[in-house]
Amino acid sequence: MRAIILAALMLAVTACASSPPAVRATATRVADPAALNEVAEGLAVRSKYGAAFPSGSTFIVVQSTSQHHTRIVRAVLASRRDDGVWTLSAVGEESSGLVQMTPTPTEGSSRTLTGSQGRSLDRLLTGNEVFRGPVVSRGDLYVGSPEHIMEIATPHGRTVIRWTGQLVGEPGEIADIVLGPA
């Protein structure tokens with residue numbers, strides 16, 4: 001009996017690992033970002049571990065969430081200082097998914113963006129595409145693939161974008177700088 005159960009488990013794991021993607025990537029712009037706090041869970045994780053909150057007039061918060069055996073929430077804050085320098089800080093937490101566990105921090109890091117990356121963000125954040133253009137992502141999703149929510153606030157506008165897969169276009173360029181390339 002034990003051998004049958006073990007064989008069934010191995011078959012299930014193999015099928016899960018080699019199964020085709022369940023869905024294609026999607027991307028949407030939240031219709032009324034002022035009415036929602038889409039990144040609330042990520043901000044709660046930042047608060048729990050004493051990380052900085054958005055301040056100033058120009059910032060980007062990206063919350064990434066994935067879940068399968070465990071649930072991982074990662075919150076990255078990119079903020080532009082008054083001197084024009086961009087800084088990033090990331091905080092994450094792993095907690096119960098299918099497996100019950102005590103929530104634990106997964107990372108806590110901060111760094112300053114390069115001058116080139118900062119100038120790219122400044123350029124991208126002054127254009128209309130980020131705030132009003134199409135929102136497109138690509139790629140296949142598998143079990144545990146993350147969902148991302150990016151809130152962008154600048155003097156030029158505010159928007160919230162939710163996506164799976166790889167975000168493309170100018171919003172994707174911003175996500176790549178803040179999260180790192182896919």
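Here are some notes:
- Selection status of Gly127, part of a loop (DSSP other than H, G, I, E, B) and within 18 Å of the chain's Cα centre (by Cα): no
- Some residue of region 79-90 being out of contact with any helix residue (DSSP H, G or I) (no Cβ under 7 Å at 6 or more places or on another chain), touching a residue at least 40 places away in the same chain (Cβ under 8 Å) and farther than 30 Å from Tyr142 by Cβ: yes
- Hey, Asp176 free of Cβ contacts under 8 Å to residues at least 12 places away in the same chain and surrounded by 14 or more Cβ atoms within 10 Å (Cβ to Cβ) or not: yes
- Condition met for Val143 (farther than 16 Å from Ile60 by Cβ, in contact (Cβ under 8 Å) with a residue 12 or more places away in the chain and either buried (at least 17 other Cβ atoms within 10 Å of the Cβ) or β-branched (Val, Ile, Thr) (or both)): yes
- Residues of region 151-182 that are within 12 Å of Leu125 (Cβ to Cβ), among the aliphatic types (A, V, I, L, M) and assigned to a strand (DSSP E or B): Ile152, Ala153.
- Scanning region 161-171 for residues that are surrounded by fewer than 22 Cβ atoms within 10 Å (Cβ to Cβ) and either among the small types (Gly, Ala, Ser) or in contact with a helix residue (DSSP H, G or I) (Cβ under 9 Å, 6 or more places away or on another chain) (or both) turns up Gln166, Gly169, Glu170.
- Looking only at residues of region 173-182 that are of a type outside the set (A, V, I, L, M, F, W, C) and at pLDDT below 95, we find that the one that is farthest from the chain's Cα centre (by Cα) is Pro181.
- Top-ranked residue in region 128-140 [being out of contact with any helix residue (DSSP H, G or I) (no Cβ under 8 Å at 6 or more places or on another chain) and among the charged types (D, E, K, R); ranked as surrounded by the fewest Cβ atoms within 10 Å (Cβ to Cβ)]: Arg132
- Residue match in region 3-11 (condition: over 21 Å from Leu167 (Cβ atoms), surrounded by 18 or more Cβ atoms within 10 Å (Cβ to Cβ) and at pLDDT below 95): no
The values are calculated or read from the model by the stated rules, or taken from the named source; none is laboratory data. Only a predicted model underlies this, so the values are computations on that prediction, with no experimental measurement involved. Using ideal geometry, Cβ is built from the backbone for each residue, glycine included, and neighbour counts are taken over all protein chains shown.
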